[in-house]
Every structure is written in C-alpha cells, then in structure tokens.
Amino acid sequence: MYLCVKNALHLEALVDLLIEDERIVTMTPAGHQKLPENCEVFDAEGLVLMPSFIDAHVHLREPGFEYKETIASGLNAAVHGGFGSVMCMANTKPVNDNAAVTSLMLTKAQQSHPHGPRLYPIGAATKNLEGRELAPMGELKEAGCVAISNDGRPVQSSEMMRRIMEYAADFSLTVIDHCEDPTLADHWVMNEGEMSGLLGVKGQPAVGEALQAARDIMLAEYLGLPVHIAHVSSALTVDVIAWGKARGIAVTAETCPHYLLLDESALEGYNALCKVSPPLRSTKDRDALLRAVADGTIDILVTDHAPHALHEKMTALDQALVGFSGLDLAVTLTWGLVKEDLLPEDALHRLWARRPGEIFHLPTNGFAPGDPADFFLFDPHAVWIPSEENLYSKGKNTPFLGQELSGRVKHHWLGGKAIF
Ligand SMILES: [Zn+2]
C-alpha cells in the first residue's frame with residue numbers, strides 16, 4: 001500500500017513524500033517522482049511537513065488522578081499536538097516504581113491508541129519517590145520503562161543520587177533529574193527576584209537549580225555516567241551545563257516552551273495560572289535559554305505537560321498547584337519562535353525529534369528511506385484561540401488560554417496510518 005503526500009513544505013522546499021506501508025520510501029523535490037500504481041495521493045499544498053515529535057517529559061496522571069488527565073486523553077492531546085511518542089513521569093498514584101504500574105500504563109495506551117502515539121513510561125528512581133530506597137530498576141526496564149527519574153521530588157542526598165546513577169547504568173537507563181535544592185526555598189510561589197519582592201511573596205532562587213545541576217554533572221564526571229537535567233529554567237544552570245559539556249561530561253538537558261516565551265512578570269496581579277515548577281525566571285534567563293536551545297547547549301525541548309483541574313489553578317497564588325498543560329500547544333508556540341527568527345525551522349526537528357530520539361534511544365523519522373512513516377502536517381496560517389472546548393487535554397491550565405495564536409497541526413500519520 002503506497003501513499004504520496006504531495007507539495008508539502010519541508011524546510012522551505014516543496015517536496016513529495018512517498019510511503020510504503022509503515023516506512024518512508026523517498027522524499028524528493030515536488031513533481032519529480034513517478035508514482036507507483038495503486039498509490040493514494042494526499043495534496044498538502046500550503047502545509048508544513050514535520051517528523052512526529054517526541055515529548056520526553058509529560059505527566060499523564062493515570063493511575064490515580066484521572067480527573068486531571070487519563071492516558072487516553074493525554075495521548076489524544078499528544079497526537080493532535082504533533083507528538084508521536086511521549087515519555088510519562090512516575091508521580092502517579094500508585095507511583096510507577098514497579099512492573100505492575102508500568103504494565104497498566106502500557107495496556108491503557110494500547111487500548112485507547114493502538115496505532116499510537118507510543119507511550120514510554122519513566123520509572124521512579126526511588127520507591128514511592130521518597131528518596132530513601134532504590135526502585136527495582138531492572139524490573140522497571142523489563143516492563144518497558146525507558147528512563148529513570150524522581151521528577152518533582154528532587155534527590156537531596158548526593159549519596160542517594162550517586163547510587164541512583166550507578167544502579168540505572170547497570171540497566172543502560174538514563175537518569176533525568178529535576179534539579180532543585182529544597183533547603184534553599186520551601187513553600188515558594190515564584191522566582192526570587194524583584195518581582196517576588198514587589199508582590200510580597202516567597203521566591204525560589206535560581207541558584208538552587210544550578211547548585212544541584214552542578215552536583216549532578218560533577219557526579220557524572222566522577223562516575224563516568226550520563227545524566228539528563230530536566231526543565232532548565234535559569235541562565236546560571238545553562239552556564240553549568242556548558243561547563244560540563246566543555247569538559248566532555250555526558251550531560252544532556254531540556255527546557256520547555258514556556259521558559260522561552262514567558263518570564264516572571266507574567267505573575268503580575270498574582271496570576272496563579274502562571275505558577276509552574278521551576279518558576280518562570282527573569283528576562284535575562286529567558287534570553288540565555290533561547291541562545292542555549294539555538295546553539296545546542298540545551299539538547300531538547302519538552303512540555304513538562306502537567307494537567308490540573310481549573311479549580312486547582314484558579315485560586316490564590318499560594319494555594320494554586322504548579323504546572324501547565326502543554327501537549328496541545330507546544331508545536332504552535334515553538335513555531336512562533338521560528339516565525340520571529342529566533343530559531344531556524346530545522347532546530348525544531350532537532351530539539352523535538354532527532355536529539356530526544358538519540359538520548360532515549362527511541363525511533364525517529366529523519367525522512368530517510370526505511371525510516372518510520374511518522375509525520376504531521378502543520379498549517380502555519382491557521383489562526384485560533386485555545387479554549388476549554390478546543391484543547392484535547394483534560395488540563396486547560398495554560399497561560400495561553402484565550403490568546404490568539406497562529407499555526408496548528410492539521411493531520412498526523414503514525415506508522416503510515418492516518419490518525420487524524
Ligand atoms: Zn515534570
């Protein structure tokens with residue numbers, strides 16, 4: 001069974017993409033291809049062709065918090081947002097620290113989305129994420145976990161972090177660390193700086209993130225093992241990562257679209273919808289992060305999709321839960337950076353597909369013959385306003401709710417099969 005997607009825009013060239021069953025056959029300049037017999041043709045005029053993206057950091061809330069999101073609703077948001085693969089964090093209830101929970105997640109994904117997006121669970125680093133006892137990583141890997149993390153519950157003890165890295169390495173699992181020194185700020189609501197002083201609320205200093213990142217990177221060098229720094233939010237952490245990379249240490253890092261687009265001023269008026277962990281920092285931090293994703297110091301983008309019920313966000317700043325719903329909007333938001341000439345278009349492919357595929361050993365589509373036919377078509381001119389009705393995620397908690405945005409995913413194929 002052949003499919004030809006004709007006249008698509010790919011890195012500013014017009015191309016035809018030929019697919020046989022679940023694989024790419026060729027991508028050629030438009031009109032240069034002699035089509036095989038019995039070839040279905042899809043005219044993609046005016047639409048941008050991109051490889052399906054990988055989101056290496058999402059919270060899908062199932063089991064335990066299905067009122068916020070289910071695996072079915074999360075994967076639905078993913079595929080409509082351009083993601084063909086998502087890696088889900090372990091802070092469910094029960095925590096994903098054993099094979100039974102991992103298997104349950106994979107079964108739910110298979111039931112609701114048999115043709116994808118593919119779900120790749122991340123196992124807990126410690127039992128119940130408590131930081132005291134190592135989780136059974138061999139069992140987690142065997143059940144299908146692709147990485148290890150204590151996300152959301154920073155590992156305070158350096159000795160425990162060392163053991164996590166050593167044990168994970170026995171199973172070739174990369175450790176993803178949420179870097180935050182909890183002793184520097186407890187019960188914070190935003191970044192510590194001028195704005196937190198102005199609002200009279202407790203801030204969290206960026207140095208706490210950089211301190212733990214530095215510790216992790218030094219441990220990585222000492223042990224000769226890799227470490228991946230989660231959702232980097234500050235300029236100082238970027239400097240620490242650049243230092244580690246310059247020394248040849250196996251450190252990789254991620255940040256999220258919101259740290260590239262927003263800063264702490266978004267919390268003016270005590271806007272709880274903009275409360276997130278780590279917090280939005282200064283404009284200087286935002287600019288440093290933009291440079292770091294452009295030059296590769298930060299390897300990948302992730303959403304840190306953290307859906308909550310709106311009543312958990314639309315409340316006093318100190319009561320509101322942290323996190324943004326991200327899967328529906330990430331591609332539109334980062335396309336905006338391309339439109340503003342802050343990132344080249346191929347950087348999106350690198351940050352959202354190629355590098356996460358390399359770091360976590362997941363299949364990606366580089367549009368070469370034999371690659372998986374996972375791709376989507378994006379309408380760069382579609383103007384829309386995210387609302388409670390048109391977001392596929394159950395989590396409507398995004399600071400971009402009600403704002404006019406341009407660009408939207410229109411069609412998505414996974415394994416050569418049209419998902420929508
Ligand atoms: Zn997270």
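The values are calculated or read from the model by the stated rules, or taken from the named source; none is laboratory data. This one's a predicted model, so the numbers in the text were calculated from it and none came from an experiment. Because the Cβ atoms are built from the backbone with ideal geometry, glycine has one as well, and the counts that use them run over all protein chains shown.
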Looking only at the stretch 132-159, count every residue that is more than 16 Å from the ligand (Cβ to nearest atom), under 30 Å from Leu184 (Cα atoms) and either of a type in the set (Lys, Arg) or not assigned by TED's automatic domain parsing to the domain that holds Ala213 (or both) and tell me the total.
1
Tell me which of these Arg61 doesn't satisfy, since it passes every other one: (1) under 24 Å from His178 (Cβ atoms); (2) outside any loop (DSSP other than H, G, I, E, B).
(2)
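Can you tell me which residue is surrounded by the fewest Cβ atoms within 10 Å (Cβ to Cβ) among those in the stretch 160-187 that are within 16 Å of the ligand (Cβ to nearest atom) and part of a loop (DSSP other than H, G, I, E, B)? So that I can check it myself, show each step before the final result.
First, the residues of the stretch 160-187 that are within 16 Å of the ligand (Cβ to nearest atom): 174-180, 182.
Keeping just the survivors that are part of a loop (DSSP other than H, G, I, E, B) gives 178-180, 182.
Working: His178: 21, Cys179: 27, Glu180: 24, Pro182: 14.
Per the stated criteria, the residue is Pro182.
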Here are some residues: Asn76, Asn91. Which one is within 16 Å of the ligand (Cβ to nearest atom) and modelled with pLDDT of 95 or more?
Asn91
Residue check, Ala135 under 26 Å from Asp239 (Cβ atoms) and buried (at least 16 other Cβ atoms within 10 Å of the Cβ)
no
State which residue is nearest to the ligand (Cβ to nearest atom) when the search covers only the stretch 290-311 and only residues that are surrounded by fewer than 24 Cβ atoms within 10 Å (Cβ to Cβ) and among the aliphatic types (A, V, I, L, M).
Ala309
Does Asp285 satisfy being more than 21 Å from Cys88 (Cα to Cα) and surrounded by fewer than 19 Cβ atoms within 10 Å (Cβ to Cβ)?
no
Here are Ala77, Ala100: which of them is in contact with a Ser or Thr (Cβ under 6 Å, 6 or more places away or on another chain) and either in a helix (DSSP H, G or I) or surrounded by fewer than 24 Cβ atoms within 10 Å (Cβ to Cβ) (or both)?
Ala77
Would you tally the residues in the stretch 253-282 being of a type in the set (Ser, Thr, Tyr) and buried (at least 23 other Cβ atoms within 10 Å of the Cβ)?
2
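One line per residue, one yes/no per condition, for (1) under 14 Å from Ala206 (Cβ atoms); (2) touching a helix residue (DSSP H, G or I) at 6+ places or on another chain (Cβ under 8 Å):
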{"position": "Gly248", "(1), (2)": "no, no"}
{"position": "Leu260", "(1), (2)": "no, yes"}
{"position": "Ser282", "(1), (2)": "yes, yes"}
{"position": "Ile300", "(1), (2)": "no, yes"}
Criterion violated by Tyr120 - all others in (1) more than 18 Å from Tyr392 (Cβ to Cβ); (2) touching a Lys or Arg at 6+ places or on another chain (Cβ under 9 Å); (3) within 16 Å of the ligand (Cβ to nearest atom) satisfied
(2)
Candidate set from the stretch 359-407 (those that are among the hydrophobic types (A, V, I, L, M, F, W, C) and in a strand (DSSP E or B)); member that is surrounded by the fewest Cβ atoms within 10 Å (Cβ to Cβ):
Val383
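Here's the yes/no breakdown for (1) of a type in the set (A, V, I, L, M); (2) out of contact with any helix residue (DSSP H, G or I) (no Cβ under 7 Å at 6 or more places or on another chain):
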residue: Gly370; (1), (2): no, yes
residue: Asp374; (1), (2): no, yes
residue: Leu377; (1), (2): yes, yes
residue: Ile385; (1), (2): yes, yes
residue: Glu389; (1), (2): no, yes
residue: Lys396; (1), (2): no, no
residue: Gly402; (1), (2): no, yes
residue: Lys410; (1), (2): no, yes
residue: Lys417; (1), (2): no, yes
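Residue by residue through the stretch 191-215, note down the ones that are part of a helix (DSSP H, G or I) and either within 16 Å of the ligand (Cβ to nearest atom) or among the basic types (Lys, Arg) (or both). It would help to see each step written out before you state the result.
Within the stretch 191-215, the subset part of a helix (DSSP H, G or I) is 194-199, 207-215.
Those that are part of a helix (DSSP H, G or I) and either within 16 Å of the ligand (Cβ to nearest atom) or among the basic types (Lys, Arg) (or both): Glu209, Gln212, Ala213, Arg215.
Within the stretch 35-70, track down each residue that is within 16 Å of the ligand (Cβ to nearest atom) and either out of contact with any Leu (no Cβ under 7 Å at 6 or more places or on another chain) or of a type in the set (Val, Ile, Thr) (or both).
Of the stretch 35-70, the ones within 16 Å of the ligand (Cβ to nearest atom) are 54-62, 64-65, 68-69.
The answer is Ile54, Ala56, His57, Val58, His59, Leu60, Arg61, Glu62, Gly64, Phe65, Lys68.
Using the structure shown, decide if His113 is over 22 Å from Glu254 (Cβ atoms) and crowded, with 20+ Cβ neighbours inside 10 Å.
So His113 passes the test.
Can you tell me which residue among Arg215, Arg163 is more than 30 Å from Ala266 (Cβ to Cβ) and not small (Gly, Ala, Ser)? Don't jump to the end; show me each part of the working.
Values: Arg215 fails: more than 30 Å from Ala266 (Cβ to Cβ).
After applying the criteria, what remains is Arg163.
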Could you tell me whether the stretch 12-33 includes any residue that is aliphatic (A, V, I, L, M), touching a strand residue (DSSP E or B) at 6+ places or on another chain (Cβ under 9 Å), outside the structural domain of Arg408 (by TED's automatic domain parsing) and in a loop (DSSP other than H, G, I, E, B)?
no
Would you pick out the residues in the stretch 216-235 that are more than 15 Å from the ligand (Cβ to nearest atom) and not acidic (Asp, Glu)?
Ile217, Met218, Leu219, Ala220, Tyr222, Leu223, Gly224, Leu225, Pro226, Val227, Ser234, Ala235
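Consider the stretch 408-420. How many of its residues are assigned to a loop (DSSP other than H, G, I, E, B) and either of a type in the set (Val, Ile, Thr) or modelled with pLDDT of 95 or more (or both)?
Of the residues in the stretch 408-420, 3 are assigned to a loop (DSSP other than H, G, I, E, B) and either of a type in the set (Val, Ile, Thr) or modelled with pLDDT of 95 or more (or both).
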